[in-house]
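What follows is one structure encoded as structure tokens, with my remarks underneath.
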Number of protein chains: 2
Amino acid sequence: MNSAIRALIIRLETIGEVTEIDKVALAALPVQERFYTRGSEIIPDGEISTSCCLILEGYAYRSKTLPDGNRQIFSLHTSGDIPDLHSLYLPKMDHTLGAISDCIVARIPHDAVKDALMRAPSLIGLLWRDTLIDAAAFRAWMLMLGQADAASRMAHLFCELYIRQSMAGLADGNSFALPLTQTDLSDILGTSVVHTNRTLQDLRRRGLLDFDQQVVTILAWEELRALAQFDPSYLHYLDRRVGRVDPAKL
Amino acid sequence: MNSAIRALIIRLETIGEVTEIDKVALAALPVQERFYTRGSEIIPDGEISTSCCLILEGYAYRSKTLPDGNRQIFSLHTSGDIPDLHSLYLPKMDHTLGAISDCIVARIPHDAVKDALMRAPSLIGLLWRDTLIDAAAFRAWMLMLGQADAASRMAHLFCELYIRQSMAGLADGNSFALPLTQTDLSDILGTSVVHTNRTLQDLRRRGLLDFDQQVVTILAWEELRALAQFDPSYLHYLDRRVGRVDPAKL
DNA sequence: CGTTCAATTGACTATCGTCAACTGGCGTGG
DNA sequence: CCACGCCAGTTGACGATAGTCAATTGAACG
């Protein structure tokens with residue numbers, strides 16, 4: 001089986017039951033792997049998309065830029081994610097999908113995905129659910145953007161990324177790779193680069209985490225979680241482990 | 001046909017093609033109308049939902065409250081909307097659905113909706129699309145929360161509501177009903193009540209709009225749109241009129 | 001006529017943005 | 001090899017935006 005599809009199945013298994021029929025249908029999907037360099041656009045805002053992008057390697061992001069030039073990053077995506085699954089039924093992009101780091105992306109034509117949905121109808125609920133969890137993550141981030149200060153927002157972001165990377169098997173103990181510049185980070189948090197830098201220093205000084213050389217290390221999970229008021233239930237993992245124990249021990 | 005279902009069909013027709021088969025399946029949906037008083041919760045955060053709520057009359061909202069008590073309102077909903085359609089494949093609520101004003105809500109069991117999807121498969125794409133547009137609106141609001149100041153955010157909110165109410169046939173010329181207190185408004189904008197009040201006065205003084213006695217009146221659409229940097233494409237209406245002309249002339 | 005709640009105001013403070021400068025690493029080309 | 005530029009990260013000073021606290025007004029309601 002194609003390794004991109006394997007990553008997708010691993011992801012789907014964390015949010016729902018994947019039957020053998022589903023797996024067969026997914027395995028039959030035609031994928032075309034493409035390479036995108038750091039900073040490049042995978043699907044630009046406004047484009048009418050005819051395929052979905054399954055991330056195989058690297059970090060992708062979704063963002064939109066206002067006419068005045070301000071940019072907000074909506075989400076980050078890694079191996080097994082289909083950040084533009086929505087394009088299946090909303091083909092006109094209202095934002096940009098881009099590559100934060102160098103990425104390998106498996107592109108799957110919409111027609112092929114819709115074929116798979118016909119052959120394995122239980123995939124409908126599963127993929128639909130995936131787009132709904134995507135929306136749930138937006139709500140969680142709206143809540144932080146509207147109601148929390150910069151330090152809490154940053155803490156929340158690192159909490160979410162840590163849980164997601166752990167669940168995807170991409171965390172190494174209490175560390176994970178995060179190929180972001182502080183400028184990127186500021187476009188996620190909605191704060192200026194200067195303030196982002198000072199907030200990060202604050203979290204470091206308080207011994208909550210470190211973020212250096214593209215690697216995040218969680219140093220005090222409980223304190224970080226408390227500062228972030230983080231509750232992972234919006235990620236809607238089936239797994240009962242999530243949020244019950246220190247993820248460092250997952 | 002039930003009037004709630006009629007409102008739903010009108011809404012769906014603005015975002016996609018609704019076939020006769022779809023309409024028959026929708027018309028057969030069993031609905032139980034319920035009344036909710038202003039301020040009451042329709043579906044509380046954390047509940048496992050077994051039905052969808054189709055708004056027939058009044059304004060509903062979705063929100064989440066942080067442990068520290070801060071509340072963010074994510075969206076507002078009127079006649080024809082199913083604000084918790086996501087519960088179909090994500091039954092555990094990660095936020096609250098509540099009534100901003102007195103509301104009449106038609107509740108439809110999940111099983112009945114899933115039955116309708118079996119009988120009219122083209123409904124799948126249509127309803128899925130509706131949940132995707134819901135997510136697109138979240139992205140648009142995240143962009144404003146992260147990147148725009150209070151005046152722009154307020155202008156954007158009024159622009160969106162005006163377009164949506166116009167498309168739903170609920171606007172009267174350049175006015176529409178909005179049964180919000182300034183406290184509610186502040187929970188949408190992510191600003192304090194005091195600042196919300198001052199921002200509103202600012203927009204009034206600049207002659208852009210008025211908001212008094214639960215009625216919003218747009219006084220200078222183009223200026224308002226420019227201040228908000230508003231682009232309605234994220235609402236994904238099929239209708240070519242949207243955004244092309246002054247909505248006051250729709 | 002008192003209570004309640006929404007709207008409003010003033011004074012003060014805190015958070016965060018802007019501007020500008022400086023550092024250090026890293027790769028490129030003379 | 002080293003000078004140079006570039007970019008990410010960092011710092012200080014200052015200003016703008018927005019929050020908090022407290023008090024007042026006015027309408028609605030029993």
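The values are calculated or read from the model by the stated rules, or taken from the named source; none is laboratory data. What you see is a predicted model, and the numbers here were worked out from it, not measured in a lab. Don't worry about glycine lacking a Cβ; one is built from the backbone with ideal geometry, like all the others, and counts go over all protein chains shown. The accessibility values were calculated without ligands, DNA or RNA, using every heavy atom of the protein model including side chains. Shrake-Rupley method; radii C 1.70, N 1.55, O 1.52, S 1.80 Å.
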Among strands (runs of 3 or more DSSP E) completely within the stretch A:157-247, the ones holding 1 or more residues that are acidic (Asp, Glu) and surrounded by 13 or more Cβ atoms within 10 Å (Cβ to Cβ) are A:209-212
Every listed condition ((1) in contact with a helix residue (DSSP H, G or I) (Cβ under 7 Å, 6 or more places away or on another chain); (2) in contact (Cβ under 8 Å) with a residue 60 or more places away in the chain) holds for B:VAL216 save (2)
Scanning the stretch B:42-57 for residues that are open to solvent by 10 Å² or more (accessible area, probe 1.4 Å) and of a type outside the set (A, V, I, L, M), the one nearest to B:THR78 (Cα to Cα) turns out to be B:GLU57
Residue under question is B:LEU200, and the condition is that it be under 14 Å from the mean Cα position of the chain (by Cα) and within 16 Å of DNA strand C (Cβ to nearest atom); does it hold?
no
Margin query: Please determine whether any residue of the stretch A:145-155 is surrounded by 22 or more Cβ atoms within 10 Å (Cβ to Cβ), more than 10 Å from chain B (Cβ to nearest Cβ) and of a type in the set (D, E, K, R).
Written below: no
Only one of (1) surrounded by fewer than 22 Cβ atoms within 10 Å (Cβ to Cβ); (2) over 15 Å from the mean Cα position of the chain (by Cα) does not apply to B:ILE133, and that is (2)
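Check A:ASP184, A:ASP212 and return the single one that is of a type in the set (D, E, K, R) and away from chain B (no Cβ under 14 Å).
A:ASP212
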(request) Assess whether A:MET142 counts as being crowded, with 23+ Cβ neighbours inside 10 Å, at the interface with chain B (Cβ under 8 Å from one of its Cβ atoms) and assigned to a helix (DSSP H, G or I). (result) yes
Among residues of the stretch B:162-197 being closer than 21 Å to B:MET144 by Cα and among the acidic types (Asp, Glu), the residue farthest from DNA strand C (Cβ to nearest atom) is B:ASP187
Determine, yes or no, whether B:ASP84 is more than 7 Å from every other protein chain (Cβ to nearest Cβ) and open to solvent by 10 Å² or more (accessible area, probe 1.4 Å).
no
